[in-house]
Amino acid sequence: MIFWQLFYTFCKIGIFNFGGGYAMIALIQNEVVEKHAWMTVQEFTDIVAVSQMTPGPIGINVATYAGYTAVVNAGYAPWIGTLSAVMSSFAVILLPCLLMLLVCRFLLAHRHNKIIDSIFSILRPAIVGVIAAAALLLVSKENFGSPTEDSFHYYASIFIFAAVFVASYKGKRSPILLLLLSGVVGAALYLW
């Protein structure tokens, strides 16, 4: 039963996602954590973190790890979890690939149409909103800690976040360099 639910869920996420992998994170979290309770918020946060470090598109990586974790948490063997991970990855790209084949033919034939241009001008801000919602979902106790439980680590996390945001947005620094520096600073602060 869980396999059909996973397949259906990730097909639905794949076909209704606009804005790429980061926008997909909010949809996946809503389905696997809140709606179906296949995993905890902490597990999902770990999945997102590992997915960002793993090569490949983040949305597919999150679907892969979420498919595995959901089945293993349901009590199945890890090898069945691996099959579920492959199925979840396939499900999240199946319908979008088929849809893109149809849409590409249509858009190539009507690429200078005013109606098509107006649809895309409306979709652009909506996609930015969905990506912002995904970012806000990651601003949680699991990622930043709690000021009541451990105020030092909480404020250190806020400082690291703000410094990376400013360096990335204003300073146009390399994301790889910022990730490496954040890892070093975070390790030093948390080991101290």
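None of the figures in this text is laboratory data; all of them are computed from the coordinates on show. A quick note: this is a predicted structure, and the numbers were derived from the prediction, not measured. When we count neighbours, we look across all protein chains shown, and the Cβ atoms used for this are built from the backbone with ideal geometry, even at glycine.
A few comments on the model shown:
- Computed E for LEU181/ALA37 - FRET, C-beta separation, R0 35 angstrom, nearest 0.05: 0.45
- Extension gain (nm, one decimal) between SER151 and LEU102, 0.36 nm per residue minus Cα-Cα: 12.4 nm
- Largest to smallest principal axis extent of the C-alpha atoms in segment 1-76, angstrom: 30, 24, 19
- The string of couplings for segment 109-118 from the Karplus curve (6.51, -1.76, 1.60, θ = phi - 60°) is 6, 10, 5, 10, 7, 5, 5, 4, 4, 5 Hz, one whole number per residue in order, with x for Gly and Pro.
- Taking 16 Å as the cut-off, the amide N atoms of segment 1-43 that come nearer than this to a point 7 Å along the Cα-to-beta-carbon line of VAL128 belong to 19-20, 23.
- 3J(HN,Hα) along segment 28-44: 5, 4, 4, 6, 7, 9, 8, 6, 9, 6, 6, 7, 8, 4, 4, 4, 5 Hz, from the Karplus curve 6.51 cos²θ - 1.76 cosθ + 1.60 with θ = phi - 60°, whole Hz, x for Gly and Pro.
- Each stretch of four or more DSSP H residues adds -39500 (n - 2.57); spread over every residue of the chain, this sum gives -26000 deg cm²/dmol at 222 nm.
- Derived scalar couplings ³J(HN,Hα) [segment 3-16; Karplus, 6.51 cos²θ - 1.76 cosθ + 1.60; whole Hz; x for Gly, Pro]: 5, 5, 4, 5, 4, 4, 4, 6, 5, 4, 4, x, 7, 9
- Pairwise label distance in nanometres, LEU95 with SER118, each label 7 Å out on the Cα-Cβ vector: 2.8
- Computed over the chain, the P(r) curve from all C-alpha pair distances, binned at 5 Å from the origin, holds 1, 7, 12, 16, 17, 14, 13, 11, 6, 2, 1, 0, 0 percent per bin.
- Free of any trypsin sites (Lys or Arg not before Pro) that DSSP assigns to a loop and that have at most 12 other C-beta atoms within 10 Å, the longest stretch within the chain is 1-110.
- Euclidean distance of C-alpha centroids, segment 71-131 and segment 151-165, integer Å: 34
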